[in-house]
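J.: One structure coming up, written as structure tokens, with questions to follow.
The values are calculated or read from the model by the stated rules, or taken from the named source; none is laboratory data. Computed from a predicted structure; not experimentally measured. When we count neighbours, we look across all protein chains shown, and the Cβ atoms used for this are built from the backbone with ideal geometry, even at glycine.
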Amino acid sequence: MLVFAGLGNPGAKYENNRHNVGFMAADAIARRHSFSPWSRKFQGLISEGTLGGEKILLIKPQTFMNLSGQSVGEALRFYKLEPAALTVFYDEIDLAAGKLRVKMGGGSGGHNGIRSLDQHVGNAYRRVRIGVGHPGVKEMVHGHVLGDFAKADREWLDVLLDAIADDAGLLAKGDDNSFMNRVTLALREKLVPTGDDDRPPPKAPKQQSHIRQARPQQAPAKLPESGPMAAMLKKLFGKE
């Protein structure tokens, strides 16, 4: 059995926050793979299903972000699971918006939810870091992560969440690199109009100047065939 935890804050007030992208990932997985309805247990909301042949417990801690470890730790202890059986989905300000990285272990990087997990279960678990971008200055980080995704963000966010859900089975199998590659490829295919974005666009056909466009070419003037002018032209050009 494996535990997939999505981190966030409970309640409608926080539902669309960048800080809640872990909840969004868990919801996307549950929908895509027809997991059981959400129910309350382990100080959180849980849903059960199967991915990649593995039984999965999805959990969304309801303890608020800073105490996420209480909920997830309780679930791991109940099922007598090691930290290696845990995969956590959460927001990462040190990744550009729409980027995704997976790693085992490491530090909290200043993320309070991860810090709480490290305190309760250790740090030897898989982290799926979902980039939400950095506001530029430290003083703006709190407002940034607790702010809602912008309407324009939905273009990449919906594609990213769909890709996470589609390929979550690879995480269950421990194939982290293939998971990252699949998600990256999905983003590239859906958000870049052509598959060969490294190739420069074709040059536009050369346009006529506005002067030529305003003055369409006229038919050549018809030369006179008789009269004094015709005689002069014949003499000039040697035509009899």
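J.: Does Lys103 meet the test of being within 18 Å of Val21 (Cβ to Cβ), crowded, with 18+ Cβ neighbours inside 10 Å and touching a residue at least 12 places away in the same chain (Cβ under 8 Å)?
T.: So Lys103 fails the test.
J.: Could you list all residues from region 161-178 that are free of Cβ contacts under 8 Å to residues at least 24 places away in the same chain and either among the hydroxyl-bearing types (Ser, Thr, Tyr) or buried (at least 18 other Cβ atoms within 10 Å of the Cβ) (or both)?
T.: Within region 161-178, Asp167, Ser178 meet the criteria.
J.: Looking at Asp91, Asp118, can you tell me which residue is in contact (Cβ under 8 Å) with a residue 40 or more places away in the chain, of a type in the set (Asp, Glu), closer than 22 Å to His144 by Cβ and buried (at least 16 other Cβ atoms within 10 Å of the Cβ)?
T.: Every option except Asp91 fails the conditions.
J.: When you check Asp148 against the structure, is it charged (D, E, K, R), more than 30 Å from Gly52 (Cα to Cα) and modelled with pLDDT under 95, yes or no?
T.: No: the conditions fail for Asp148.
J.: Return a yes/no flag: does region 134-143 have any residue that is surrounded by 21 or more Cβ atoms within 10 Å (Cβ to Cβ), part of a helix (DSSP H, G or I), modelled with pLDDT of 95 or more and not hydroxyl-bearing (Ser, Thr, Tyr).
T.: Within region 134-143, none of the residues are surrounded by 21 or more Cβ atoms within 10 Å (Cβ to Cβ), part of a helix (DSSP H, G or I), modelled with pLDDT of 95 or more and not hydroxyl-bearing (Ser, Thr, Tyr).
J.: For a quick check of your reading: which strands (runs of 3 or more DSSP E) sit entirely within region 1-77 and have at least 2 residues that are of a type in the set (D, E, K, R) and farther than 29 Å from Ala152 by Cβ?
T.: Qualifying strands (runs of 3 or more DSSP E): 39-41, 54-61.
J.: Here's something else I'd like to know. Could you list, in sequence order, all residues of region 139-160 that are touching a residue at least 24 places away in the same chain (Cβ under 8 Å) and either more than 19 Å from the chain's Cα centre (by Cα) or closer than 15 Å to Ala25 by Cβ (or both)?
T.: Val141, Phe149, Asp153, Trp156, Leu157, Val159, Leu160
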